[in-house]
Each structure stands twice: as C-alpha cells, then as structure tokens.
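Peer 1: Pasting a structure below so you can have a look.
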Amino acid sequence: MPATAISPTRAEDYPEWYQQVVRAADLAEQSAVRGCMVIKPHGYAIWERMQKILDGMFKATGHVNAYFPLFIPLSYLEQEAKHVEGFAKECAVVTHHRLELGPDGRLIPTGKLEEPLVVRPTSETIIGATYAKWIQSWRDLPVLVNQWANVVRWEMRPRVFLRTAEFLWQEGHTAHATAEEAVEETLRMLDVYATFAERDLAMPVVKGPKPAAERFPGAVDTYSIEAMMQDGKALQAGTSHFLGQNFARAQNIKFAGTSGAEEFCWTTSWGVSTRLIGAVIMTHSDDDGLVLPPRIAPQHVVILPISRTDEERTAVLEACRKVEAALTATTYADEPIRVKIDARDIRGGDKVWQHVKQGVPVRVEIGPRDLAAGAASVSRRDRGPKEREAVALAELPARLPGILDEIQRGLFERARSFRDARSQRLGSRAEVEAFFGTGDSAGAGGFARVHVADDPAVAAAFDPLKVTVRCIPMEGPDEPGTCVVTGRSVPRPSVLARAY
RNA sequence: CGGGGCGUGGCGCAGUCUGGCUAGCGCGCUUGGUUUGGGACCAAGAGGUCGAGAGUUCGAAUCUCUCCGCCCCGACCA
C-alpha cells in the first residue's frame, strides 16, 4: 500500500502529479483528437457548479445570456488589426462543407467554401458585427450579454484543463455609451471573478491590469486575476478587457447620442474557462488526490453504510436514508446540502479512497456500532484520510453546515498562507534573479512584488528567468518606486512570476 | 516547429542494448471461498494484432525506415 494515493507526489514530479490527480479523480481523459479532452461526468459536474454560481452573478449584475455562431467569417477576423495578429496563429479554419466517397473508399472534402470560416477562438468580431445591427440609439445602451460556449485555439502545447485546443468558457460582451461606463463594467466583472475565485473556489487571487505585452489582442486595457499554484507558478484565472472603441471602429458599432451626433460605442469583454478546474486542482489538491472546496463540490457529503449481515445492512441503510433526508433538508451557502449514499457492493476501504481521490469534502460512515451509539463517524477531506470524529446522528444536520464552512474557509486560508509565504517584496534586479533562481527546479520562486515599468526592456530583462509581469495589483494605496530595470519611477509594484 | 523522454491487457511497469521456449509482473477486473469498522487473504479465471505501417530475417515487442500520439524543456500563447 503506497503512503499516498497519488504517485508521484507533488514534491516528486509536479506536472505528473497533476495528471495523475485528473485521472484518479476521474475528471477528464485524453481524446482521439490532439489537444482535446473528454471532460468526464465528475469533471463536468464541477464545471456545472461554476457555471451555476457565475451565471447567477452575471444575472445579478444585469447581464443576459445569448448564443452566437461557432463559425466566424474570415473577413470578420481581419477587421481589427491587433486582434488578427493575436489569433491568426492558432485558428482552426473550415474550408469545405461536404464529403464525397472517393474510389478507395475514403472520404474526400469537396464543396469548397467561397469564404473560409474560422472556428471562433473568441467572439468579439462576430458579436461586434451583430451589435452594430442591434444598436442605433443611446436608448439601446448598454448591451450586456454573456454567452456560454466552446472556443478553439490551436495550441502547440496542450495540458488538460489548463490549455486545450477546445475549451468551454463564458464570454461577456458589452457595449456602452461612454468610456467611463465601459471601464466601470470591466472592473465590475473583474471583481465578480475575484469574488467568485476567493469565495467559491477558495482561491486567493491578485487582481490588476496587465502590462501592454500581455494585453488581449485589440484591447486598450486587460485586467486579470492571478492565482498561485502549489509549485509557485502563477495561473491567470480570469480576464476582463476594456476594448475602448477599437472594435466599435473596426466594426462600425455606432449610436446616436442624446445630442443627435453619431458616436462609436465603448465595449468590453470578459471570460473565464474550464481552466478554472485546473486552477482548483493545483490550488487545493494533495498527494491523496483532489480536494474540492465545498461550494463547488458536486457533492458535499457521501454517506458510507457499513454492514456485515443482511440484517445489519437493512438497519444501517435505513439510518443512512434518514441522515440523507435530514441533510438534504439542511442548507449550506443557501443551497441544500448535496448528499448521496454510496451503497455500492464493493470493499469499504476502496470506496473510502475513491471518495478521497475525488475530493468529496465530508465522508459520513455509519455502521452497526455507530448505530448502537446513535452516532456516525465523520471524516473531512481537509484532514488526514484516517482521521474521524464521532458525531451524534441527531446533531449531523446542525453540525454539517459549520463543518463545510470550516473546510471552505480553511482551504482559502491555507492557500493564502501558502501564497503569502511564497511572495516577497524585492527591490533590485539581482534580488529578483536570486528569488527565482536560474534552475528549473519545481517550486522555485513564487510571486515577486517589484517596481517595474511597462516597457519591453523589462520583459527582456526577465525573459531568461522565464518570469513575466503578471499584473499590477490594484489593492491598497499607491507605493511609488523606481523600476529595477529602467530606473523610471512607477506608482506601484507589479507581480512577477513564472506562469502557466 | 526545435531538443529530450516515452508508447507492451483498465492503471503502473519489466522484457528491447546482445532478435528465438506458448509475452511477463504488481494493482485492478470476474467467479468461488475465508474474512471484514475497512485501501484484506486464498484459489481459479478473463483480458494484449507489444502505438500504426512498411522492410530485414527461417523467426521481430526486440533491428531498419516512415508515420501517429503522449510527457518534459524551449519557441509560442487572453
């Protein structure tokens, strides 16, 4: 029996550990198509949790859902120069619309399209073109639409959930009458993402604008939330873009203002993707597999009946059903506790470990001995796999919301402590180089808070370290300082890190 | 796309250098039994065109060539 359920451990081989967790937790698997994944039911259930919570937050901030086409006319993509530049290298292109059986029995594409279609890598262009038709007057504004969709970016180096050729996401696209409103929207959605990440994913994030080099192609400003994974690397977990009038000009999104003059709209876009599943895995999971924050766990509690004889089984199952009913009638985070009995006829130990590896926050084991004592054995995923506590059956409904809340908070605190311990204020280029080291050892480095100018020289300086400027954190007052590369004075420090 | 590693039953691997008995091992799976607050034990079994194709050879998992895929590093990348 190995000491840990996942092998190798994080310390031994972090990238391989990540893949093993994905497999052990049954989240996803490789597909026949390069760079594409099959998201398995357990992985998809986590995505559904994310969708549900985020969708509610979008609705609460005045947005509505719609759906735009998968295929984008090639000419649309050409409309915004920087946008083309940014995405041209990773587009799947549809050139034919028909297959014919060839003489050797193989299918041959025929029916060449007059204009090739691009499978959307993102939808600014086709949505912008649509908005141009929707919007005529200031009375039509703002337009606040979100879509849940898949997108395709032909990535050279895919990694399950973190970077796949096709992935699922949501993309919000809004149009406004003024720059101020659009900026406000951009920041509002950034806050929505930050709140979601910290409250629901228990994942502390740093939010702020990106340097010019890291901007979304076509954006005036890109803001992101950046999280630290357990190997010290940064993961961009969500982005919100102020697009200025770039797309409005390119696509003629205009409105008649109150004075009657025609003006270009100010637009925004913002998105998070199934990459968040990877983020959750790498933020919380341990050497025994997945660890899920309760708020996004498809299942909060699994009840495990333990019995030897048929008689015991009947009694135990009945007790389990009562507990299930009582817990289902109890709420945690404004939703009924999600609980299931696992009565499968497999060995108890195996069963326990399956749930450990899948990250179920709480296990409730009920056997004859527990029943005799009127209690259950409660185990938590944030504690050791063998630890358990006896809780009176009658008290379970009262206790569980508190336990789940404790787990949720505990995971956040643990992740924050980890990040803070790996974050440092640095005052010189030499310190930055020492902090990240030159080696490739996993776990080297973390977040370095350093004053740097938004300048190509800065990127060039840290390029050999594989370190990039992730964002310029917004929290707190200005702390002016001198750029450690250019010597220019800048208002606030940036976060530098190696990134996924 | 460049450098490196790898592809053998569901998972993890040995065997490949130095071609040759019916291709093995651990875990998992099936059945029976013994157990049982626990990732058990015993026994019997099922499961593999050794990534694909071509070639060399009496004989290829093993040698040669081509291709495909995966992982790591780089390039690249909201």
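The values are calculated or read from the model by the stated rules, or taken from the named source; none is laboratory data. Values in this document were obtained by computation on a predicted structure and should not be read as measured data. We place every Cβ from the backbone using ideal geometry, glycine too, and count neighbours over all the protein chains shown.
Peer 1: Out of all the residues in the stretch A:378-392, which are crowded, with 18+ Cβ neighbours inside 10 Å and in a strand (DSSP E or B)?
Peer 2: A:V378, A:S379, A:R380, A:V391
Peer 1: Now for a different question. Looking only at helices (runs of 4 or more DSSP H) that fall completely inside the stretch A:21-101, which ones have 3 or more residues that are assigned by TED's automatic domain parsing to the domain that holds A:V151, free of Cβ contacts under 8 Å to residues at least 60 places away in the same chain and away from RNA strand B (no atom under 14 Å from the Cβ)?
Peer 2: Numbers: elements: A:41-60, A:74-77, A:81-87.
Hits in the stretch A:21-101: A:41-60.
Peer 1: Here are A:E431, A:E395, A:E479: which of them is under 30 Å from A:E365 (Cα atoms) and either part of a loop (DSSP other than H, G, I, E, B) or more than 21 Å from the chain's Cα centre (by Cα) (or both)?
Peer 2: A:E395
Peer 1: Restricting attention to strands (runs of 3 or more DSSP E) lying wholly within the stretch A:224-293, give those where 2 or more residues are under 22 Å from A:A213 (Cβ atoms) and at pLDDT below 95.
Peer 2: Of the strands (runs of 3 or more DSSP E) lying wholly inside the stretch A:224-293, those with at least 2 residues that are under 22 Å from A:A213 (Cβ atoms) and at pLDDT below 95 span A:234-244.
Peer 1: Separate question: Looking only at the stretch A:363-370, decide whether some residue is outside the structural domain of A:R23 (by TED's automatic domain parsing), in a strand (DSSP E or B), basic (K, R) and within 12 Å of RNA strand B (Cβ to nearest atom).
Peer 2: The answer is yes, given that some residue of the stretch A:363-370 is outside the structural domain of A:R23 (by TED's automatic domain parsing), in a strand (DSSP E or B), basic (K, R) and within 12 Å of RNA strand B (Cβ to nearest atom).
Peer 1: Is there a residue being within 16 Å of RNA strand B (Cβ to nearest atom), surrounded by fewer than 17 Cβ atoms within 10 Å (Cβ to Cβ) and modelled with pLDDT of 85 or more anywhere in the stretch A:4-17?
Peer 2: No, the conditions are met nowhere in the stretch A:4-17.
Peer 1: Within the stretch A:253-260, does at least one residue satisfy the condition of being surrounded by 19 or more Cβ atoms within 10 Å (Cβ to Cβ), out of contact with any Pro (no Cβ under 7 Å at 6 or more places or on another chain) and under 30 Å from A:Y223 (Cβ atoms)?
Peer 2: yes
Peer 1: Among the listed residues A:R388, A:R338, A:R369, which satisfies the condition of being modelled with pLDDT of 95 or more and either among the aliphatic types (A, V, I, L, M) or out of contact with any helix residue (DSSP H, G or I) (no Cβ under 7 Å at 6 or more places or on another chain) (or both)?
Peer 2: Unique residue meeting the criteria: A:R338.
Peer 1: Something else about it: Which residues, taken from the stretch A:204-222, are more than 11 Å from RNA strand B (Cβ to nearest atom) and in a strand (DSSP E or B)?
Peer 2: A:V206, A:K207, A:G208, A:P209, A:D221
Peer 1: Every residue in the stretch A:380-413 that is free of Cβ contacts under 8 Å to residues at least 40 places away in the same chain and in contact with an Asp or Glu (Cβ under 6 Å, 6 or more places away or on another chain), please.
Peer 2: Scanning the stretch A:380-413 gives a single hit, A:G410.
Peer 1: Somewhere in the stretch A:175-186, is a residue at pLDDT 95 or above, surrounded by 24 or more Cβ atoms within 10 Å (Cβ to Cβ), within 11 Å of RNA strand B (Cβ to nearest atom) and not aliphatic (A, V, I, L, M)?
Peer 2: no
Peer 1: How many residues does the stretch A:309-321 hold that are touching a residue at least 40 places away in the same chain (Cβ under 8 Å) and not small (G, A, S)?
Peer 2: The qualifying residues number 3.
Peer 1: State all residues of the stretch A:102-136 that are in contact (Cβ under 8 Å) with a residue 24 or more places away in the chain and hydrophobic (A, V, I, L, M, F, W, C); if no residue qualifies, say none.
Peer 2: Going through the stretch A:102-136, the residues in contact (Cβ under 8 Å) with a residue 24 or more places away in the chain turn out to be A:115-132, A:135-136.
The answer is A:L117, A:V118, A:V119, A:I126, A:I127, A:A129, A:A132, A:I135.
Peer 1: Which members of the stretch A:323-350 meet the condition of being away from RNA strand B (no atom under 15 Å from the Cβ), surrounded by 14 or more Cβ atoms within 10 Å (Cβ to Cβ) and part of a helix (DSSP H, G or I)?
Peer 2: A:E324, A:A326, A:L327, A:T328
Peer 1: Something else about it: From A:Q408, A:Q358, grab the single residue that is among the polar types (S, T, N, Q), in the same structural domain as A:V302 (by TED's automatic domain parsing), surrounded by 15 or more Cβ atoms within 10 Å (Cβ to Cβ) and away from RNA strand B (no atom under 16 Å from the Cβ).
Peer 2: A:Q408
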